[in-house]
Amino acid sequence: MANETPLLRAKGVSKSFFGVAALDDVDFTLRSGEVHALLGENGAGKSTLIKVITGAYRRDAGEVLLEGKPIFPRDVLDAQALGIGTVYQEVNLLPNLSVAENLYLGRQPKRFGMIDMRAMNRLSRELLKRYGLDIDVAAPLSSFSVAIQQIIAIARAVDISGKVLILDEPTASLDTHEVEMLFSVVRQLRAEGLGIIFISHFLDQVFSIADTITVLRNGRLIASRAVEGLERIDLVSMMLGRRLEEAEDTGNGVAADTGGETVIKVRHLGKRGVLAPFDLDVKRGEVVGIAGLLGSGRTETAQLLFGIERADGGTVEVEGQATNLASPQKAVHAGFGFCPEDRKTDGIIGDLSVRENIALALQARRGWAKPLSRREQDDLASQYIEALDIRTAGAEMPVKFLSGGNQQKVLLARWLATNPRFLILDEPTRGIDVGAHAEIIRLIRRLCADGMSLLVISSELEELVGYSARVLVLRDRRHVAELVGEEVSTTGILKAIAASGTTGAAA
Amino acid sequence: MKRFLSALRRLLPQLAALGIILLLNAMISPGFFHVEMQNGRLYGSLIDVINRGAPVALLAIGMTLVIATKGIDLSVGAVMAITGAVAASLITQGYPLVATLGGTLAVGLFCGLWNGALVALLDIQPIIATLILMVAGRGIAQLITEGIILTFNDKPDLIFVGSGAFLGLPMPFIIWFVMAILMVTIVRRTALGLLIEAIGVNRRASTLSGVGSRSLLFAVYATSGLCAAIAGIIAAADIKGADANNAGLWLELDAILAVVIGGNSLLGGRFSIAGSLIGAMIMQSVNTGILLSGFPPEFNLIIKAVIILIILVVQSPTSQSLWTFLRRDRHPTAKQERAVR
């Protein structure tokens, strides 16, 4: 192995922006037939390294060798031609074009100067067959699931480039089955001798697929190790530069019954075609978890409770008062808060400042005629920036420039500012780095201890088990089980999800 | 005071453009800055600019709010025709001035609410929703005037709105200026400005935060309709009659341009009414300058287009970053200073 020329090698790569080093003397080696995970908290320099390799940025110092020869990709197209292809988290193909057109865009087979549709479709079918996909290649890309689209994007990248494949958080929006499908494709490509760089926040996935792990922190190389023999806790402490007390905390120390009065009482709430009617009681200071596969009705439960979907039957009582939840506005007036799963489209107001984002829900509840003064907004912002440790250059920073974890904290601050009775969190820790992850879990516990009622939807079962007093399990748009006390455990949830013979677990 | 200064700094490019255009005008016609008092009333080219620019300035106020919600209102020119016709029709039927103005403003408000309903309730794209009234509006105005130019030479009180003066200043200027102060106060002293910007950036996220997006959309289109009605009254009073075919013709495009020259993004979000008003004054200065220059009138539109193109190119993000880039290369110390900061 030592004599073999590595497929891709970066030596002493540095890159800085306005005098701030984003990458400082980083080495990186990728071999053929290897899945190499690139890990680090947000801002560690992962994406800068990728962009230097793919030519999106120009390096300030160091060299990049592909098969032993130095390369200087001018842009992403150049890198593609050299053999380095990239697939991003958000599929960057054209949803309105057909699968075949997407695969051969810019290099369509031609006949007499015209695009040869028949040849293109045939080539596409052959190409996708290698990945075990037998789909209608003439159908528009958007008619397929995100997982299939990812595989199509991979097929295109590999077909164009064929030496190095970079997967930038490809699994962030996939469920377990889909991740498995994607991974079998990745394993196949590895067997074919490609070098694959894999970026993900999901440690489970890293351990299940990667051969080698490289950890970056603050733009520096921390370590590059084989996965075999690497302990999870060592990896986390390498990423964080400190020991994380709660990283492996899975015990359920939460009392099943806090004895508090019932704050939210839901009876037969449901909507035809969306979610079967369900009952729900949430006590003061209680965290109720919701588990289930993607598409099982978890998010729909939250949407019915927050008035985003209008229920066609059922009642909701808030502290004994019948309450009409016909719109988010009414839900907010009833003292509800909702942090949605898709932060970018449903949560943050990107161009507005951190201060304005935090003040928004409270301002909306007060109505337009009673403005929060600038002073009150400033106080609110500085209070929550400190309390939740939001890392931002200031309260006036547009929120779109913050990292995912800090955006999530801004959203939490927006709702905490309204002092809600009942807070619904949909995947509060998805796609955020390990440090912020632990802080948000700590925050959930603290809020619950302070007497707030929470409903938390999460795919991370250990996490859910860690803080929930009860866990509701959903399957096929139906509430199928409620786990209390001893039953609240990862295996208990998995059993409940799989109960009727359906297999699989949440990612 | 500090906030006022920072607002002034944000508007610097617009103010600079206005200054340059005015200087160019002064070079073409040396007496451009000359203002004199005659019969208790100010006269001069500058006064002409703020007077003639009234309709576009008024439309730009409403248009700024609509554009801030990521919308657009193409119907304002047609609403000017409708409301001009309503005003002329009411006053010639012998209604008193107050009733005429009240009725006309109500019609403008209704037009705005119609657009608001299409956009907020039926979720029709704003460009299509307001196109409907843009097309139908002139027809409605013709029905009101019964196909003729409805004149009211004998109604001095309504004519005063278009050509009178108060404290030496022309009425149209006073009306748009008061309206601007009123609107800026309303949106910035209440939370309306913040909420409008929020739904412009991300309507879904704002709705999910409890913002009443629908009523806000209704409100901005209604405001736009109201502003168009005031502009319509001024335009009709100015020519002492209602011309259903030509009143406010193409002014929706001038208003949109004024908003854009004012530094507001068509993608919604952050907005500045003051910026749009400076934009409207830039447009009027260009118009007045071309008239004063004595160019053959057939060149007017082309010259105007070229000047606006230059302003927009200078303001565009690409040329701004090019500008920073060029400056950095010439003065290597600037980079160091930035690094120190």
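The values are calculated or read from the model by the stated rules, or taken from the named source; none is laboratory data. Note that the structure is predicted; figures quoted are calculated from it, not measured. Please note: Cβ atoms are built from the backbone with ideal geometry, for glycine as well, and neighbour counts cover all protein chains shown.
So, A:ALA364, is that one more than 8 Å from chain B (Cβ to nearest Cβ), under 27 Å from A:GLN408 (Cβ atoms) and either touching an Asp or Glu at 6+ places or on another chain (Cβ under 6 Å) or at pLDDT 90 or above (or both) or not?
Taking the combined requirement at face value, the residue does not satisfy it.
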Check: Just checking, how many residues over the range A:361-416 are touching a helix residue (DSSP H, G or I) at 6+ places or on another chain (Cβ under 7 Å) and at positive phi?
Finding: 1
Next item on the list: Being exposed (fewer than 15 other Cβ atoms within 10 Å of the Cβ) and within 24 Å of A:ALA81 (Cα to Cα) is the filter here, so list the residues in the range A:130-151 that pass it.
Entry: A:ARG130
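Wholly within the range A:84-199, which helices (runs of 4 or more DSSP H) include no fewer than the required count, namely at least 1 residues that are basic (Lys, Arg)?
So the answer is A:117-129, A:146-160, A:176-191.
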Margin query: Conditions first: (1) more than 10 Å from chain B (Cβ to nearest Cβ); (2) within 18 Å of B:ILE199 (Cβ to Cβ); (3) in a loop (DSSP other than H, G, I, E, B). A:ILE358 passes all but one, so which condition is the exception?
Written below: (3)
Check: A:LEU103 fails exactly one of the following numbered conditions: (1) assigned by TED's automatic domain parsing to the domain that holds A:LEU167; (2) more than 25 Å from A:ARG31 (Cβ to Cβ). What is the number of that condition?
Finding: (1)
Next item on the list: Name every residue in the range B:44-89 that is touching a helix residue (DSSP H, G or I) at 6+ places or on another chain (Cβ under 8 Å), of a type outside the set (A, V, I, L, M, F, W, C) and outside any helix (DSSP H, G or I), in order of residue number.
Entry: B:GLY53, B:THR69, B:LYS70, B:GLY71, B:ASP73, B:SER75
Next item on the list: Kindly establish whether B:SER265 is over 20 Å from the mean Cα position of the chain (by Cα) and within 14 Å of chain A (Cβ to nearest Cβ).
Entry: no
Check: Got at least one residue in the range A:289-300 being out of contact with any helix residue (DSSP H, G or I) (no Cβ under 6 Å at 6 or more places or on another chain) and at pLDDT 90 or above?
Finding: no
Note to self: Looking only at the range A:102-122, how many residues end up being in contact with a helix residue (DSSP H, G or I) (Cβ under 7 Å, 6 or more places away or on another chain) and within 18 Å of A:ASP134 (Cα to Cα)?
What the structure shows: 5
Check: Right, B:THR185: assigned to a helix (DSSP H, G or I), exposed (fewer than 15 other Cβ atoms within 10 Å of the Cβ) and either away from every other protein chain (no Cβ under 14 Å) or free of Cβ contacts under 8 Å to residues at least 12 places away in the same chain (or both) or not?
Finding: yes
Check: Of all residues in the range B:248-279, which are in contact with a Pro (Cβ under 9 Å, 6 or more places away or on another chain) and assigned to a loop (DSSP other than H, G, I, E, B)?
Finding: B:GLY248, B:GLY263
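Based on what the data block shows, is B:GLY210 small (Gly, Ala, Ser), within 14 Å of chain A (Cβ to nearest Cβ) and either outside any helix (DSSP H, G or I) or in contact with a helix residue (DSSP H, G or I) (Cβ under 9 Å, 6 or more places away or on another chain) (or both)?
Considered against the rule, which asks whether it is small (Gly, Ala, Ser), within 14 Å of chain A (Cβ to nearest Cβ) and either outside any helix (DSSP H, G or I) or in contact with a helix residue (DSSP H, G or I) (Cβ under 9 Å, 6 or more places away or on another chain) (or both), B:GLY210 comes out as yes.
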Check: Looking only at the range A:443-486, which residues are buried (at least 21 other Cβ atoms within 10 Å of the Cβ) and basic (Lys, Arg)?
Finding: A:ARG470
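Output yes when any residue across the range A:214-236 is modelled with pLDDT under 80, crowded, with 16+ Cβ neighbours inside 10 Å and not polar (S, T, N, Q), and no when none is. Show your work before the answer.
Restricting attention to the range A:214-236, the residues satisfying the condition of being modelled with pLDDT under 80 are A:218, A:231-236.
In the following step, the residues that additionally are crowded, with 16+ Cβ neighbours inside 10 Å were identified as A:235-236.
Subsequent filtering for residues that are not polar (S, T, N, Q) retains A:235-236.
The answer is yes; a qualifying residue exists.
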Checklist line | All positions within the range A:281-339 that are under 29 Å from A:VAL465 (Cα atoms), among the polar types (S, T, N, Q) and either within 14 Å of chain B (Cβ to nearest Cβ) or part of a strand (DSSP E or B) (or both) | finding: A:THR299, A:GLN303, A:THR315
Checklist line | Residue that is modelled with pLDDT of 85 or more and either touching a Gly at 6+ places or on another chain (Cβ under 7 Å) or not assigned by TED's automatic domain parsing to the domain that holds A:HIS177 (or both), where the choices are A:ARG267, A:ARG272 | finding: A:ARG267
Item checked: Check on A:ALA10, in contact with an Asp or Glu (Cβ under 9 Å, 6 or more places away or on another chain) and farther than 23 Å from A:PHE401 by Cα -> yes
Item checked: Filter result (surrounded by fewer than 23 Cβ atoms within 10 Å (Cβ to Cβ) and either within 14 Å of A:LEU416 (Cα to Cα) or facing chain B (nearest Cβ under 7 Å) (or both)) within the range A:341-355 -> A:THR345, A:ASP346, A:GLY350, A:ASP351
Margin query: So if I check each of A:ALA2, A:ALA79, A:ALA10, A:ALA22, which one is at pLDDT below 85 and either in contact with a Leu (Cβ under 6 Å, 6 or more places away or on another chain) or surrounded by 13 or more Cβ atoms within 10 Å (Cβ to Cβ) (or both)?
Written below: A:ALA22
Check: What residue, of A:ARG421, A:ARG477, A:ARG414, is at pLDDT 90 or above, closer than 21 Å to A:ASP279 by Cα and more than 16 Å from the chain's Cα centre (by Cα)?
Finding: A:ARG421
Check: Quick check: is even one residue across the range A:379-386 modelled with pLDDT of 90 or more, within 14 Å of chain B (Cβ to nearest Cβ) and under 27 Å from the mean Cα position of the chain (by Cα)?
Finding: yes
Check: List, please: which pairs have Cβ atoms under 8 Å, are six or more places apart or on different chains, and start with a residue in the range A:57-77 that is without any contact (Cβ under 8 Å) to a residue 24 or more places away in the chain and of a type outside the set (A, V, I, L, M) and end with one that is in a strand (DSSP E or B) and surrounded by fewer than 17 Cβ atoms within 10 Å (Cβ to Cβ)?
Finding: A:PRO70/A:GLU63
